[in-house]
Amino acid sequence: MKPARFGYHAPQSVEETCQLLASLEDAKVLAGGQSLVPLLNFRLARPAHLVDINRIGNLDRIYERDGGVAVQALARQSTVEDSELAARLCPLLPAALRQVAHRVIRNRGTVCGSLAHADPASELPAVMLALNGHVVAASARGQRIIPAADLFTSVMQTALAPDELLVEAWFPGAHGKYAIAEESRRHGDFALAGAVRYGDRLALFGVAATPVMADPRDPTKGLQPSGDLEATPEFRLHLVRALTERLFAA
Ligand SMILES: Cc1cc2nc3c(=O)[nH]c(=O)nc-3n(C[C@H](O)[C@H](O)[C@H](O)COP(=O)(O)OP(=O)(O)OC[C@H]3O[C@@H](n4cnc5c(N)ncnc54)[C@H](O)[C@@H]3O)c2cc1C
């Protein structure tokens with residue numbers, strides 16, 4: 001299938017992008033396109049306008065900020081995965097990225113795009129939650145910080161307003177014990193269930209509308225995962241227990 005008609009805009013700066021997002025009705029940001037383009041092609045998303053940010057210069061940096069790793073909106077997932085800075089300051093981040101899709105998808109997909117897309121089965125939102133990181137959102141009204149605990153509001157929904165651009169994700173320096181584990185039907189598929197450990201903190205993904213924090217001693221408490229063709233709710237709960245045990249046995 002082909003996408004429905006849309007207006008195409010290719011701003012050259014963050015300021016121009018913010019002006020466009022403020023003035024256009026029903027616009028979507030296009031970053032790596034690895035989630036948005038399939039949705040457009042299947043007509044599951046039909047925005048009136050696409051704002052392609054790929055021509056903005058100097059928005060692909062990965063740099064140290066406040067002892068952690070700041071990842072700008074156009075930094076590709078594979079670049080962050082290979083980053084010496086990320087490996088040194090926050091090794092959980094490259095470890096998690098290696099579980100995201102396949103390398104060809106990570107060559108285009110962005111870290112910030114994954115956070116903005118907020119798929120409940122995605123690794124990076126859970127990593128950001130486990131680490132207590134934040135994102136920086138820019139709009140014509142200025143900039144604001146959104147902590148991870150407030151960012152993910154529902155299935156593929158975030159606290160970003162329609163006129164906000166996620167300009168940067170920040171992952172705190174993390175040197176405690178860390179690990180990520182997930183189960184999927186095939187390598188590169190979205191997880192049926194997954195778990196991220198940082199020290200005593202446990203974040204789960206694929207088992208609720210958003211990534212959730214859980215008690216490692218009782219990880220399924222309060223969880224009501226949905227069932228689908230790939231896994232029953234009971235199987236997802238079983239996976240959560242098994243993955244948590246694996247992460248905290250290490
Ligand atoms: C076959 C396949 C397997 C995959 N497997 C996984 C997986 O296992 N785990 C996983 O986490 N992901 C997976 N993905 C998704 C992939 O990681 C995407 O790259 C990522 O989710 C979105 O990043 P993107 O830069 O491509 O964003 P896009 O597709 O360009 O955009 C996605 C959404 O985020 C919004 N957006 C993007 N950037 C910004 C921004 N800076 N500010 C505001 N809004 C923004 C867009 O408007 C859109 O709504 C898979 C994709 C494919 C095709």
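Assorted remarks:
- Length released on extending from Asp218 to Glu15, taking residue separation times 0.36 nm less the Cα-Cα span: 68.4 nm
- Label-point gap, in nm, between Met1 and Asp60 - each point 7 angstrom along Cα→Cβ: 3.2 nm
- Approximate shape of the chain as ellipsoid semi-axes (Cα gyration tensor, √5λ), whole Å, largest first: 30, 21, 16
- Dipole magnitude of the chain about its Cα centre (Cβ charges: Lys, Arg +1; Asp, Glu -1), debye to nearest 20: 420 debye
- Here the spin labels are modelled as points 7 Å beyond Cα on the Cα-Cβ line, and at Lys177 and Phe235 they lie 3.0 nm apart.
- Cβ charges +1 (Lys, Arg) and -1 (Asp, Glu), total dipole of segment 1-132, debye: 500 debye
- Ellipsoid semi-axes for segment 7-52, based on the Cα gyration tensor and the rule √(5λ), read 20, 12, 7 Å when sorted largest first.
- Its convex hull of Cα atoms gives segment 1-80 a direction-averaged projected area, equal to a quarter of the hull surface, of 6.2 nm².
- Principal axis box of segment 130-250, alpha-carbon based, largest edge first, Å: 46, 36, 29
- The region of the chain that goes longest without hitting one of the trypsin sites (Lys or Arg not before Pro) in a DSSP loop, each with at most 15 other Cβ atoms within 10 Å, is 99-140.
- For segment 178-249, the spread of Cα positions along the three principal axes, ordered from largest to smallest, is 33, 27, 20 Å.
- Taken over segment 62-171, the alpha-carbon convex hull comes to 91 cubic angstrom per residue.
- Inverse mean reciprocal Cα-Cα distance (Kirkwood Rh) of segment 1-148, Å: 16.1 Å
- Toward the positive end of the charge dipole of the chain, with +1 on the Cβ of Lys and Arg and -1 on the Cβ of Asp and Glu, the farthest Cα among Ala208, Gly33, Ile145 is that of Gly33.
Bear in mind these aren't lab numbers, they're just calculated from the coordinates by the rules spelled out. Quick caveat, the model's predicted, so the values are computed rather than measured. Backbone-built Cβ (ideal geometry, glycine too); neighbour counts: all protein chains shown.
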